[in-house]
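Student: Structure provided below as structure tokens; questions to follow.
The values are calculated or read from the model by the stated rules, or taken from the named source; none is laboratory data. Values in this document were obtained by computation on a predicted structure and should not be read as measured data. Counting neighbours? That spans all protein chains shown, and the Cβs are built from the backbone with ideal geometry, glycine included. Accessible surface is based on the protein model in full, side chains and every heavy atom, while ligands, DNA and RNA are left aside. Shrake-Rupley method; radii C 1.70, N 1.55, O 1.52, S 1.80 Å.
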Amino acid sequence: IYILNNNFANPTVVFIHGGGWETGDKSAYEGRAKRYALAGFNVVALNYTLGKNGDKSTYWNIQLQDVQMAIRWLRMNASVFRIDPKRIAVAGDSAGGHLALFLGSLKHNIPNIYNKYMTYDSSVCAVLNMFGPCDLVDMKDTLISTLSVFDDTPDLSKASPINYITYSSAPTCTIHGLKDTVVPYSQALKLREKFGKYGVKHKLISYDGGHELANISPLTERWIELQGLYFLYNNV
């Protein structure tokens, strides 16, 4: 957690790491977190339960429960950390982008084994989705078929954030590579169409590269990062 050292309630961005819902760690966002802090955000990077083959307690949707609980915890402690509870945005890459999209559109708290902080809201006011999948049904024969985390989810439509987009969804910026072979670019186009249908503010930033900003120059990567930061800055 990076909290700005002043007496004002500042906007906050929460980073959610990728890794196919089964790997990854919040430390991946250390560098970006510091840059966002310099831009005036309080920054939080979180971990969530990683799926483990054979351990059904780690299967979907415990990951969504965890990130919702984290947002509620932040709101409960808003005065402690001097954050504005009405100005919480979320950013995630790949699997983290998938979870971030849920936080931008799902308007109710999912009951969990802890049932902590349930009186607090878990929605966010803006989303930065970096090459996250939105429609798992379309990916069930490729990416999803190799993941144990969805073994107990026969209806993948319920694990697809695109199906929860409504008129009240949060403004969303999607960053996606034209040559992404992990999460196809068509997922980004589906999101753009669905957000457009409901009149939700949405920006699609495309780049000529692959998943996780692969095969692009450092200058292009920095430009993309600044575009995402600018979008969040103007929507929190």
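Student: Pick from the range 115-147 the residues that are of a type in the set (Gly, Ala, Ser) and open to solvent by less than 10 Å² (accessible area, probe 1.4 Å): which of them is modelled with the lowest pLDDT? Let's see the steps before the verdict.
Tutor: Looking only at the range 115-147, we keep the residues that are of a type in the set (Gly, Ala, Ser), and these are 122-123, 126, 132, 145.
Among the residues that remain, those that are also open to solvent by less than 10 Å² (accessible area, probe 1.4 Å) are: 122, 126, 132.
Working: 122: 94, 126: 98, 132: 98.
Looking at the filtered set, the residue picked out is 122.
Student: Across the range 147-183, what is the total count of residues that are under 28 Å from residue 221 (Cβ atoms) and either of a type in the set (D, E, K, R) or without any contact (Cβ under 8 Å) to a residue 12 or more places away in the chain (or both)?
Tutor: Looking only at that region, the number is 2.
Student: In addition: Quick one: which residue in 233, 198, 185, 167 is closer than 13 Å to residue 130 by Cα and among the aromatic types (Phe, Trp, Tyr)? It would help to see each step written out before you state the result.
Tutor: Values: 233 fails: closer than 13 Å to residue 130 by Cα; 198 fails: closer than 13 Å to residue 130 by Cα; 167 fails: closer than 13 Å to residue 130 by Cα.
Going through 233, 198, 185, 167 in turn, just one is closer than 13 Å to residue 130 by Cα and among the aromatic types (Phe, Trp, Tyr): 185.
Student: Let me spell it out: the conditions are (1) on the phi < 0 side of the Ramachandran plot; (2) more than 18 Å from the chain's Cα centre (by Cα), and residue 158 meets all of them except one. Which number is the exception?
Tutor: The single condition residue 158 does not satisfy is (2).
Student: Here are 166, 172: which of them is among the polar types (S, T, N, Q) and open to solvent by less than 20 Å² (accessible area, probe 1.4 Å)? Don't jump to the end; show me each part of the working.
Tutor: Working: 166 fails: open to solvent by less than 20 Å² (accessible area, probe 1.4 Å).
The conditions single out 172.
Student: Still on this structure: Can you tell me which residue among 235, 163 is assigned to a loop (DSSP other than H, G, I, E, B), within 18 Å of the chain's Cα centre (by Cα) and at negative phi?
Tutor: None of the other options fit; the residue is 235.
Student: Restricting attention to the range 209-229, which residues are open to solvent by 30 Å² or more (accessible area, probe 1.4 Å) and part of a loop (DSSP other than H, G, I, E, B)?
Tutor: 214, 215, 216, 217
Student: What are the residues in the range 115-154 that are among the acidic types (Asp, Glu) and either part of a strand (DSSP E or B) or over 25 Å from residue 174 (Cα atoms) (or both), if any?
Tutor: Narrowing the range 115-154 to residues among the acidic types (Asp, Glu): 121, 135, 138, 141, 151-152.
Within the range 115-154, 151, 152 qualify.
Student: Checking the conditions here, which among 70, 45 is in contact with a Leu (Cβ under 6 Å, 6 or more places away or on another chain) and free of Cβ contacts under 8 Å to residues at least 60 places away in the same chain?
Tutor: Selected residue: 70, the only one of 70, 45 that is in contact with a Leu (Cβ under 6 Å, 6 or more places away or on another chain) and free of Cβ contacts under 8 Å to residues at least 60 places away in the same chain.
Student: Any residue at all in the range 200-207 that's in contact with a Cys (Cβ under 8 Å, 6 or more places away or on another chain) and among the charged types (D, E, K, R)?
Tutor: Within the range 200-207, one or more residues are in contact with a Cys (Cβ under 8 Å, 6 or more places away or on another chain) and among the charged types (D, E, K, R).
Student: Please state which of the following conditions residue 152 fails to meet, knowing it meets all the rest: (1) loosely packed, with under 13 Cβ neighbours inside 10 Å; (2) within 16 Å of the chain's Cα centre (by Cα); (3) of a type in the set (Asp, Glu).
Tutor: (2)
Student: Now for a different question. Please note which helices (runs of 4 or more DSSP H) are completely contained in the range 1-114 and include at least 1 residues that are exposed (fewer than 15 other Cβ atoms within 10 Å of the Cβ) and more than 17 Å from the chain's Cα centre (by Cα).
Tutor: 30-38, 62-76, 78-81
Student: Something else now. Read through the list (1) within 16 Å of residue 92 (Cβ to Cβ); (2) surrounded by fewer than 19 Cβ atoms within 10 Å (Cβ to Cβ); (3) in contact (Cβ under 8 Å) with a residue 40 or more places away in the chain, then give the number of the only condition that residue 205 fails.
Tutor: So residue 205 meets the others, but not (3).
Student: Filter the range 175-188 for residues that are of a type in the set (A, V, I, L, M, F, W, C) and either open to solvent by 70 Å² or more (accessible area, probe 1.4 Å) or part of a loop (DSSP other than H, G, I, E, B) (or both) and give the result.
Tutor: Across the range 175-188, the qualifying residues are 178, 182, 183.
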